[in-house]
Amino acid sequence: MADETIKRLEDLLAENDEAQMRKAERVAIVGAGTLGQGIAQTIAAAGLDVKVVEKNNEAKELSIKQLSESMDREIARWGMTSSEKKAILSRIYWHTSLDKLNKCDLIIEAVGENLELKKAIFEKLDKIAKPEAIFISTTSTLSLEEIASVTNRKCKFVGMHFLNPVPKVRLVEVVRTIDTAEETMEKIKNFAVSIGKTPVEVYEYPGFITTRVIVPLLNEAMHILLEGLATAHDIDLAMKLGYNLPIGPLELADSMGLDEVLAWMQELWKTLGEPRYRPCPLLRKLVRERKLGKKVGEGFFKYDKNGRIITEKK
């Protein structure tokens, strides 16, 4: 009788382990830069396990460190507790091989805006992932149809355009291509809701809604600063007070990452050919100098370790 009880307990534990493994394999992210880290944190905070793949151990360890430090800053601002941080990190599984994603249901690519890199990743994933797995790209300016063309599952290919900081911005644009199946769209919109996001459906077009609207605003603010009409502080103050914005355009650009903003502008300028997307020379200068915004402590403003603007004495 005792042996039967022990055997039953062992079976229950095995079933629980298998269930936990299935949960851990459900969602995956390829690329753990600022965007990938934010998506991973958001998914884990919603109670889901997530696998994250980086290109090598060095990049993986750096991403783990950056994510931990980012959450520590939230704890310092009373925006998160230590227990919440611990729970979130316990649900994130880190890897350096795409082969670990062979049983995932949803695979989110979150690398930089490099068309060939994205295509190479999805071409490899298409051979590794199970046939029913849905592929998601986070591109904000590149052609989803071209990226999906390297796969044999165009109907299961969709875009999710998250905005930084991902854990705080409720919006996600869910982007369909001409081949995306209705069933795929519904699954991804439901997934978005399950992680606390409000999905807005968009058809594929360079920049979608948010990038096309915000880029000219950021660009014009940069030109005003370049022309010496006002200081960065006063430009942002005018826009915040005048239009009830929570953050000014220059600080917003710093938060997004000036290298990312430049990449968006260059792609929209190349694709659409409209002058409003031509990058301001001042933005190019800052990126050349590696003053990329909050993530490095300096962009249009200088920032302390908690991401707050350092007010320079006059």
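The values are calculated or read from the model by the stated rules, or taken from the named source; none is laboratory data. As the structure is a prediction and not an experimental result, all values here were calculated from the model. Cβ placement follows ideal geometry from the backbone for every residue including glycine, while neighbour counts extend to all protein chains displayed.
Answer yes if at least one residue in the stretch 178-191 is surrounded by fewer than 16 Cβ atoms within 10 Å (Cβ to Cβ), among the aliphatic types (A, V, I, L, M) and over 18 Å from Gly38 (Cβ atoms), and no otherwise. Yes, the stretch 178-191 contains a residue that is surrounded by fewer than 16 Cβ atoms within 10 Å (Cβ to Cβ), among the aliphatic types (A, V, I, L, M) and over 18 Å from Gly38 (Cβ atoms). Scanning the stretch 139-166 for residues that are assigned to a loop (DSSP other than H, G, I, E, B) and crowded, with 23+ Cβ neighbours inside 10 Å yields Thr139, Ser140, Thr141.
Only residues that are aliphatic (A, V, I, L, M), outside any strand (DSSP E or B), modelled with pLDDT of 60 or more and touching a strand residue (DSSP E or B) at 6+ places or on another chain (Cβ under 7 Å) were counted across the stretch 4-58, and they come to 7.
Of everything in the stretch 269-288, what is surrounded by 11 or more Cβ atoms within 10 Å (Cβ to Cβ) and among the charged types (D, E, K, R)? Give them in sequence order. Lys270, Glu274, Arg276, Arg278, Arg284, Lys285 - these are the residues of the stretch 269-288 that are surrounded by 11 or more Cβ atoms within 10 Å (Cβ to Cβ) and among the charged types (D, E, K, R). For the stretch 189-224, the candidate set comprises residues that are in a helix (DSSP H, G or I) and of a type in the set (Gly, Ala, Ser); within that set, the residue that is nearest to Ile235 (Cα to Cα) is Ala221. Just wondering, is there one or more residues in the stretch 168-180 that are farther than 22 Å from Ala253 by Cβ, touching a Leu at 6+ places or on another chain (Cβ under 8 Å) and not in a strand (DSSP E or B)? Checked the stretch 168-180: at least one residue is farther than 22 Å from Ala253 by Cβ, touching a Leu at 6+ places or on another chain (Cβ under 8 Å) and not in a strand (DSSP E or B). Quick one: how many residues across the stretch 85-101 are assigned to a helix (DSSP H, G or I), surrounded by 15 or more Cβ atoms within 10 Å (Cβ to Cβ) and at pLDDT 95 or above? Residues that pass the stated criteria total 5. Considering only the stretch 205-217, I want to know if a residue exists there that is among the hydroxyl-bearing types (Ser, Thr, Tyr) and surrounded by fewer than 15 Cβ atoms within 10 Å (Cβ to Cβ). Yes, the conditions are met somewhere in the stretch 205-217.
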